[in-house]
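The values are calculated or read from the model by the stated rules, or taken from the named source; none is laboratory data. A quick note: this is a predicted structure, and the numbers were derived from the prediction, not measured. Note: ideal-geometry Cβ built from the backbone for every residue, glycine included; neighbour counts use all protein chains shown.
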Amino acid sequence: MTGVSKRKNTIDAWLFLLPNFIGFLVFTVFAIGFSLWISMHRWDLFSSPTFTGLSNFVRLLTNDRDFKRALLNTLYFAVGIVPLGTATSLCLALLANRGLKGMTFFRTVMYLPSVSSTIAVGIVWIWLLDPQFGVVNYALRSIGLASPPNWLGSVLWAKPALILMHIWQYAGYYMIIFLAGLQGVPEQLYEAAVLDGASSWQKFWRITLPLLSPTTFFVIVMKMIGVFNIFEQPFIMTGGGPSGSTETIVYYIYSNAFEWFNMGYASAVAWVLFILVFGVTLIQFKYQGRWVNYE
Amino acid sequence: MRLGRLTKGIIVLALMLSVLAAPVFAATKLQVASWWSFEGGSSLDAFKQAFEAKHPDIVIEYVQIPSSEYYTKVLTMIAGGTPPDVAMLGMDKLGTWVPRGALQDLTPYMEEAGFDLDVFFPAVQAAVQHDGGIYAMPRDATTSVVAYNKALFDQAGVPYPEAGWTKDDFLNTARALVQKEGNQTTVFGYAFDTFSDGFIDWLYVNNASVINPDGTGSGLHLPNAVEVLEFLQGMVKEGIAPAPALTQTFSNASGAFNSQRAAMYVTTVGWANSFTNNADLDWDVVPLPTWDEDSDPATRLWVNYWALPKGAKHSKEAFQFLAFLASEEGQRIVGETKMGIPGIPEVAYGPAFAQSPGAPEHKTYFLEVMDGAKPFPLFPQSDQFYATMTREFDSMWAGERTVEDAVKALDDASKSLFQ
């Protein structure tokens, strides 16, 4: 290739990349930089931003009990959803991996909620969980529970209800990921284990789980990031209530930015959320060596 | 370059057509934002037809934005420099949008057009003014009265309520109307919503408000407000009114009244219109009770607005539309299409509203209480304050927290908003 045609190719490549690159610069790099800049200002979209230094960060970390509540709610969701959701998806994947009749249909049905609109799914769940007429409480009453919970209207039960719905919605998606991991486990290992007299539980515990650990790690990391960003479910189903018990950090960012137009403060909360998610992910990567087996 | 005959012909034809079409394209298009449908036969369509017939040079283009995202969207459009020419607004937004500079003061346009506010009810005149300016024209107004189900009163053998009753009369009446089957309450005496709209009338009845008289903080921890909240919470505890969770199963408290599961409900004209459409409901209205025999009658005044956003491209033409909406003709359409109470007394007392056929029989009460009506409170922190209030009061309405505890928590939590 001559120097001229090489240069021409380089220019062509840049020209092809340019539209995407400009989009990346404007909508990602600039937006992130602007949000950092605005997090150090007070701004309501109308008046000029007023520089306030780090006061937004100081206030939210030291003197904002609504943020503290949103943070604790988010951690509650993380503790509830990540282990239970991972275990549920793994169980479904083990079931779907058995090659029984009708499994293709089963996988499709399980995957369906994750590609359905959260708004539509949320409205259906509001009806399912209705304290008077909902199917869930009808079932509970029919097995003898006289006063089933007021799921979405109770401080005690609203979070478990959303956890249940979230796990149901994404169980199929992570099931597919586990399924891909399961199909990568060599069959010979199971055959050797059977010859050695291993039980089903021993095969799962000694072969499946260790060899699935990279997939499990990926699922946990992705679920953790997803859980820190929970928004649609409480937005649709509870409006953050009752008593703020389902208000998450992202919901709090939304309220500050688009209901109260505290853009600077909302940006500060968003940056704290980013640092939190980044930190948790970093810790997960740091300690993965202790339990993740890549061999 | 030589042009062929055909090409020349096409160019000449195009020029002629553009000349002929010029008057059509010269018309000013006004973009009007609302959360209402503007389909044929709707109130908005009636406004458009009537206005365009008088102003052939102006075309109304409605933009319907779903109510759940309406204010966020319109405010963002204004901030982004692409506002609609006219925006429909709920009353509370005047308190938050004017301090942000999102709306235009209509005073200069009114002076130029010789438009006088005196034509409106005095309470409506006050409601369109804020921070020393006039920031909106009334779309319609509403006061609150007590709607009662005559059939349920007859079943319980309770006489219909009359103007001049007190809150103790109200409580005794509501108590006598409760019907039970075993442990299950089949009819409640009264139903109310637990958001601010659901109890603000009672605050006004006892000379209280959501904010303190100086506007410097919550007013709900003050003695009169605490009395009201304890009165309402007491009705829930006693089973006279449904708990919030049960109210939600009817969508809201008006749903409980509309489905004949509650015998009384404090209603605005908007909800009253939905009751009128229910042929199974035999109902009427009566003014709200006074707190006691010595206190004055009171109710809340709510006004829906049409406003001119800052940066609107066709402000002058937009004001013409606003002036039409607020005119006698516009306000007659308001009454006839059941948007609310026309803001002009002559129209409101006429066939468009008070003399219109159908229930309730005593719809003039909506107008007679206008004298004691207090405007819904307007303050810049209202959006965040009401969100905080909902958070602190949820457990109070569920009976898991005392009123004293909830109002103190609200006072503490909202202090920073007013600093």
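One table, with the values for the structure above:
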| item | result |
| --- | --- |
| Condition met for B:Lys374 (charged (D, E, K, R) and within 18 Å of B:Ala46 (Cβ to Cβ)) | no |
| Condition check for B:Gly399: within 14 Å of another protein chain (Cβ to nearest Cβ) and either outside any helix (DSSP H, G or I) or in contact with a Pro (Cβ under 7 Å, 6 or more places away or on another chain) (or both) | yes |
| The range A:216-234: number of residues that are touching a Phe, Trp or Tyr at 6+ places or on another chain (Cβ under 6 Å) and crowded, with 18+ Cβ neighbours inside 10 Å | 4 |
| Only one of A:Ala158, A:Ala193, A:Ala198 that is within 30 Å of B:Ala387 (Cα to Cα), surrounded by 16 or more Cβ atoms within 10 Å (Cβ to Cβ) and not charged (D, E, K, R) | A:Ala158 |
| A:Ala13 being over 30 Å from B:Pro83 (Cβ atoms), in contact (Cβ under 8 Å) with a residue 60 or more places away in the chain and away from chain B (no Cβ under 14 Å) | no |
| Flag for B:Thr186 being surrounded by 19 or more Cβ atoms within 10 Å (Cβ to Cβ) and either assigned to a strand (DSSP E or B) or out of contact with any Asp or Glu (no Cβ under 7 Å at 6 or more places or on another chain) (or both) | no |
| Positions within the range A:38-51 being away from chain B (no Cβ under 14 Å) and surrounded by 14 or more Cβ atoms within 10 Å (Cβ to Cβ), in sequence order | A:Ser39, A:Met40, A:His41 |
| Helices (runs of 4 or more DSSP H) completely within the range A:1-104 that count 3 or more residues being at pLDDT 90 or above and farther than 30 Å from A:Ala161 by Cβ | A:3-24, A:31-38, A:55-62 |
| Pairs where the first residue, in the range A:214-240, is free of Cβ contacts under 8 Å to residues at least 60 places away in the same chain and within 14 Å of chain B (Cβ to nearest Cβ) and the second is in a helix (DSSP H, G or I) and basic (Lys, Arg), C-beta under 9 Å, 6+ apart | A:Gly240/B:Arg391 |
| Residues located in the range A:52-62, provided they are more than 13 Å from chain B (Cβ to nearest Cβ) and without any contact (Cβ under 8 Å) to a residue 40 or more places away in the chain | A:Gly53, A:Leu54, A:Val58 |
| Unmet criterion (only one of (1) buried (at least 17 other Cβ atoms within 10 Å of the Cβ); (2) within 14 Å of chain A (Cβ to nearest Cβ); (3) not hydrophobic (A, V, I, L, M, F, W, C)) for B:Ser43 | (2) |
| Whichever residue in the range B:223-273 is in a helix (DSSP H, G or I) and in contact with a Pro (Cβ under 9 Å, 6 or more places away or on another chain) and, among such residues, is farthest from the other protein chains (Cβ to nearest Cβ) | B:Ala272 |
| Failed item in (1) closer than 27 Å to B:Gly270 by Cα; (2) modelled with pLDDT of 95 or more; (3) within 14 Å of another protein chain (Cβ to nearest Cβ), with B:Leu89 passing the rest | (3) |
| Members of the range B:83-135 found to be over 20 Å from the mean Cα position of the chain (by Cα), touching a residue at least 60 places away in the same chain (Cβ under 8 Å) and surrounded by fewer than 17 Cβ atoms within 10 Å (Cβ to Cβ), listed by number | B:Gly101, B:Ala113 |
| Boolean, A:Ala96 is exposed (fewer than 12 other Cβ atoms within 10 Å of the Cβ) and more than 14 Å from chain B (Cβ to nearest Cβ) | no |
| A:Trp205 being away from chain B (no Cβ under 14 Å), closer than 30 Å to A:Thr281 by Cα and either over 20 Å from the mean Cα position of the chain (by Cα) or not in a helix (DSSP H, G or I) (or both) | yes |
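Conditions (1) of a type outside the set (S, T, N, Q); (2) assigned to a helix (DSSP H, G or I); (3) within 25 Å of the chain's Cα centre (by Cα); (4) not assigned by TED's automatic domain parsing to the domain that holds B:Thr388, marked per residue:
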residue: B:Pro159; (1), (2), (3), (4): yes, no, no, no
residue: B:Gly164; (1), (2), (3), (4): yes, no, no, no
residue: B:Lys180; (1), (2), (3), (4): yes, no, no, no
residue: B:Tyr204; (1), (2), (3), (4): yes, yes, yes, no
residue: B:Asp214; (1), (2), (3), (4): yes, no, yes, no
residue: B:Leu220; (1), (2), (3), (4): yes, no, yes, no
